[in-house]
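**Student:** For reference, the structure I am asking about is given below.
What follows draws every value from the coordinates through simple rules; no lab data is involved. Since the structure is predicted, the reported quantities are computational estimates derived from the model, not experimental observations. Please note: Cβ atoms are built from the backbone with ideal geometry, for glycine as well, and neighbour counts cover all protein chains shown.
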Amino acid sequence: MKPFIKISDVSEALGVPTSTLRFWDKEGLIRFERNDDNNYRNFSYQTMLDICDIIFFRSLELPLSTIKIINTKSADDLNLLLRETKTELEQKIAYLQQVTERIEAREKKLEKYQHMQDQPLRVIKAKLSPVRSFNFQDKEMVQLYLDDPGLSADILAGPFNDSMVCGMFVDSEVKNIIREGDDEERNYLHGLLWMNRDKQMNAEEFWSTSQRLGYKPGQIICKYLVSTKEEGQELRNFFEAWLEID
């Protein structure tokens, strides 16, 4: 490396705009020498080291005010700063991993919705988990719902009562169960249920289809998939739905 290089050379080599380098110079973050002939900034090897340190610490999202005093810290203080920064970054990584998992869960629900769009209502065997009454005052339950709305298990009472009760699938028997889990697989009429913002829905299609097939319809258990507006339609909520049939 040459003893001295120009600011434009540093800018090109490190991908840092010359305006940023001049700002760091003004703030005292880097040291420089002036060319005796033209008073231009000449960046020495030490300046290159300082710039590399700044780029590193900026990648840790440390503010310039902290970076400015890093050279005044002892090795122990610097090690503590790095450990604290590492902990913060690990927490952010964990959070972003959770967000990524939520995105993947939403993608799976969209795929299921798209797969079910053109599928007719059909009788299947299924074993559904218990459904717990949803309590908006239960912070833990609300957080679970926010993390994964697909845990919802709303229930339509039957063909003569289309009111919907909000619930949530649970893994085991707990308090406030509004529908017991299945002990074994049973028959359901399975398909895509939709509801618009005026609470119009296609539940009647489930009940009439079950009767046409010779079954006695019961409750519809709905699992939220997605809210979307297809061409020529209003905004609708779509659910994977299971109609109890006997």
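**Student:** Can you spot the aspartates and glutamates whose alpha carbon is less than 13 Å from LYS86's alpha carbon? Ignore those fewer than 8 places along the same chain.
**Tutor:** List returned: GLU61.
**Student:** Label TYR45 and ASN71 with points 7 Å out from Cα along Cα→Cβ: what is the distance between them in nm?
**Tutor:** Simple spin-label model gives 1.7 nm for this pair.
**Student:** Continuing with the same structure: May I ask which residue of LEU151, GLY218, SER11 lies farthest towards the positive end of the charge dipole of the chain, with charges of +1 (Lys, Arg) and -1 (Asp, Glu) on Cβ and the Cα centre as origin?
**Tutor:** SER11
**Student:** In debye, nearest 20: dipole of the stretch 114-246 around its Cα centre with unit charges on the Cβ of K, R (+) and D, E (-)?
**Tutor:** 200
**Student:** Another question about this same structure. With +1 on each Lys and Arg Cβ and -1 on each Asp and Glu Cβ, how big is the dipole of the stretch 68-150 about its Cα centre, in debye rounded to the nearest 20?
**Tutor:** Result for the stretch 68-150 is approximately 360 debye, rounded to the nearest 20.
**Student:** Looking only at ILE178, ILE220, ILE67, which one moves most when the chain is put into a Gaussian network model with springs between Cα atoms under 10 Å?
**Tutor:** ILE67
**Student:** Go through VAL131, SER44, LEU64 and say which Cα lies farthest out towards the positive end of the charge dipole of the chain; charges sit on Cβ, +1 for Lys and Arg, -1 for Asp and Glu.
**Tutor:** Positive-most Cα among the choices belongs to SER44.
**Student:** With a 10 Å cut-off between alpha carbons and a GNM built on the chain, which of ASN79, ASN202, ASN187 moves the most?
**Tutor:** Highest fluctuation among the options: ASN79.
**Student:** Give, as a single signed number, the net charge of other residues whose beta carbon lies under 15 Å from the beta carbon of LEU62, with Lys and Arg counted +1 and Asp and Glu -1.
**Tutor:** Every neighbour counted, the sum reads -1.
**Student:** Return the loop-located trypsin sites (Lys or Arg not before Pro) in the stretch 23-132 (DSSP other than H, G, I, E, B) with at most 16 other Cβ atoms within 10 Å of their own Cβ; answer none if there are none.
**Tutor:** Hits after loop and neighbour filter: ARG31, LYS73, LYS127.
**Student:** Taking 0.36 nm per residue of separation and subtracting the Cα-Cα distance, what length does fully extending THR20 through GLN98 add?
**Tutor:** That pair, THR20 and GLN98, stretches by 24.6 nm at full extension.
**Student:** FRET efficiency for GLU111 and LEU81, Cβ-Cβ distance as r, R0 = 41 Å, nearest 0.05?
**Tutor:** Computed FRET efficiency for GLU111 and LEU81: 0.35.
**Student:** If you don't mind, there's one more thing I want to ask. Cross-link partners among lysines for LYS108, C-alpha distance below 28 Å, same-chain residues fewer than 8 apart left out?
**Tutor:** LYS92, LYS125, LYS127, LYS139, LYS199, LYS223, LYS229
**Student:** Then there is this: Could you identify which residue out of ASP148, ASP25, ASP182 has the top mean-square fluctuation in a GNM of the chain using Cα springs shorter than 10 Å?
**Tutor:** ASP25
**Student:** Then there's this: GLU33 versus SER59, label points 7 Å from Cα toward the beta carbon: distance in nm?
**Tutor:** Placing both labels 7 Å beyond Cα along the Cβ direction yields 2.9 nm.
**Student:** Give me, ordered by chain and number, the residues 5 or more places off ILE178 or on other chains with an amide H under 5 Å from its own placed amide H.
**Tutor:** VAL131, ARG132, SER133
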